[in-house]
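Structure, as structure tokens:
The values are calculated or read from the model by the stated rules, or taken from the named source; none is laboratory data. Quick caveat, the model's predicted, so the values are computed rather than measured. Reconstructed Cβ throughout: ideal geometry from the backbone, glycine too, with neighbour counts over all protein chains shown.
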There are 2 protein chains.
Amino acid sequence: MAHKTRPVILRAFRGIDGFASARELHAQAVGNGDALGLATVYRELRRMVSEEIVDVVHDLDGEARYRHCDEAHHHHLVCERCGLTREIAGEEIETWIIGVAQSAGFHQIRHTIELVGLCSTCAS
Amino acid sequence: MAHKTRPVILRAFRGIDGFASARELHAQAVGNGDALGLATVYRELRRMVSEEIVDVVHDLDGEARYRHCDEAHHHHLVCERCGLTREIAGEEIETWIIGVAQSAGFHQIRHTIELVGLCSTCAS
DNA sequence: CACCATTTTGATAACGGTTCTCATTTGTCC
DNA sequence: GGACAAATGAGAACCGTTATCAAAATGGTG
Ligand SMILES: [Mn+2]
Ligand SMILES: [Mn+2]
Ligand SMILES: [Zn+2]
Ligand SMILES: [Zn+2]
């Protein structure tokens, strides 16, 4: 029998909109009837982040928030009121980054780009 | 007599290249002969961040790292090996962000963009 | 199934950065 | 100097995360 933790985490992600903290994911899993320990949640999330199955960003307080993502490389547009999240991708910006880095003589560039604002519903 | 903490923090920043943690700034200040408590460092940094005098980013562990910045709005290109930091600004990317946000119906967009890599010295 | 080696799990302790508390110190004004 | 307000900082508290390690689950093997 294969490990059972990952499917539990994936199901928890499916029940949550946008980014979620480790504790929120744990609560969601328990609510789903999937009993598991908080330590296991942290451990599995660490693995999924290292496998790039899950994106992680830190909020203003430094708390990690996770999201299960579909595509290989993209960024996020998040509503800071309701949590609605859109995935965004643009070749333009990737090109711009590479250009900036090269002209400064930098190599092996990684980047973080996150956009936060109010969605159309929350703005009205 | 005005408060004395802020000049002490600014002097600590001057002695550090790139981003620094609260503890590093405290150590730098003490090394400068400016005795002050760590709680005071945190308090003043919070003020300076809220006044947008200081930029703050969170490293992979979630620890806050601060930088005293000159210009109003810009981003950073940081060498992850030696800490060398270049400030970068580009109207292109700001325009792209506004376009993406508008087409998704989002308002009042804030953004985080950080580039990390190896500087020319460290890459060789 | 019985046995044992390996892996996974999770309750709890430990850790570390940040914030809070509040008594003491410092500044300001008369 | 005296009275009041503001700033300071040592230490406690807080809280998200990671480390521990014993118990449980797994999976061969005979
Ligand atoms: Mn994503
Ligand atoms: Mn800057
Ligand atoms: Zn919204
Ligand atoms: Zn470097």
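Figures for the structure shown
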| read-out | value |
| --- | --- |
| Qualifying positions in the range A:16-45 - under 23 Å from residue A:62 (Cα atoms), at pLDDT 95 or above and part of a loop (DSSP other than H, G, I, E, B) | A:21, A:37 |
| Residue in the range B:83-91 that is away from ligand 4 (no atom under 16 Å from the Cβ), more than 19 Å from the chain's Cα centre (by Cα) and either surrounded by 13 or more Cβ atoms within 10 Å (Cβ to Cβ) or more than 7 Å from every other protein chain (Cβ to nearest Cβ) (or both) present | yes |
| Test: residue in the range A:14-31 that is under 30 Å from residue B:85 (Cβ atoms) and either more than 7 Å from chain B (Cβ to nearest Cβ) or not small (Gly, Ala, Ser) (or both) | yes |
| Residue match in the range A:108-121 (condition: closer than 26 Å to residue A:15 by Cα, within 16 Å of ligand 3 (Cβ to nearest atom), without any contact (Cβ under 8 Å) to a residue 60 or more places away in the chain and assigned to a helix (DSSP H, G or I)) | yes |
| Residues being farther than 17 Å from residue A:92 by Cβ and facing another protein chain (nearest Cβ under 7 Å) - total across the range B:108-124 | 10 |
| Filter pass, residue A:54 being in contact with a Leu (Cβ under 8 Å, 6 or more places away or on another chain) and crowded, with 18+ Cβ neighbours inside 10 Å | yes |
| Among (1) more than 7 Å from chain B (Cβ to nearest Cβ); (2) over 21 Å from the mean Cα position of the chain (by Cα); (3) in a loop (DSSP other than H, G, I, E, B) - the single one residue A:105 does not satisfy | (1) |
| Sole residue being assigned to a strand (DSSP E or B), more than 11 Å from DNA strand C (Cβ to nearest atom), among the aliphatic types (A, V, I, L, M) and closer than 25 Å to residue B:121 by Cβ, chosen from B:77, B:60 | B:77 |
| Which numbered condition residue B:113 fails, given (1) within 16 Å of DNA strand D (Cβ to nearest atom); (2) touching a helix residue (DSSP H, G or I) at 6+ places or on another chain (Cβ under 9 Å) | (1) |
| Qualifying residue in the range A:68-76 (condition: away from DNA strand D (no atom under 16 Å from the Cβ), facing chain B (nearest Cβ under 10 Å) and buried (at least 16 other Cβ atoms within 10 Å of the Cβ)) | yes |
| Contacts under 9 angstrom Cβ, first residue in the range B:80-98 being modelled with pLDDT of 85 or more, partner part of a strand (DSSP E or B) and within 16 Å of DNA strand C (Cβ to nearest atom), 6 or more apart | B:85/B:67 |
